[in-house]
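Working notes, structure below.
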Amino acid sequence: MVHDQAGLTANNVPGSIWCMSDTYQVKEAQRQLPKLLRKAESGVIPTIWRRNKAVAHIVSAERMSAIAETMEILANPKAMKAIRDAEAGRGHFRPARELPE
């Protein structure tokens, strides 16, 4: 198993967003690409290393869509204000039937 500079894999990092991680050298990843794609679809994030450095991660399309959606929300000042207000107990709650369609 390949480790990062701190000697940890993604599984050992507290609060890591990675569910599971497998590591592969570039040549090995090239030979096993179909397997790595199946792993990504199952929730594993294969990490590809070159010369003791992580150079790529393979993520499923579903996970990438979730990441992109999260980034859009984080970049939206109104959405972030609403989140902060809700976390501080200042949110406005309405029944779903009152929301516009």
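Worth pointing out:
- Flag if residue 64 is under 23 Å from the mean Cα position of the chain (by Cα), closer than 30 Å to residue 24 by Cα and either not acidic (Asp, Glu) or not assigned by TED's automatic domain parsing to the domain that holds residue 29 (or both): yes
- Within the stretch 44-67, tally of residues that are surrounded by fewer than 10 Cβ atoms within 10 Å (Cβ to Cβ) and part of a helix (DSSP H, G or I): 1
- Within the stretch 69-101, considering residues that are exposed (fewer than 10 other Cβ atoms within 10 Å of the Cβ) and of a type in the set (A, V, I, L, M), the one modelled with the highest pLDDT: 75
- Counting the residues of the stretch 68-101 that are small (Gly, Ala, Ser), on the phi < 0 side of the Ramachandran plot and part of a loop (DSSP other than H, G, I, E, B) gives 3.
The values are calculated or read from the model by the stated rules, or taken from the named source; none is laboratory data. It should be emphasised that the depicted structure is a prediction, and the values quoted were computed from it without experimental measurement. Glycine gets a Cβ as well: all are built from the backbone with ideal geometry, and neighbour counts include every protein chain shown.
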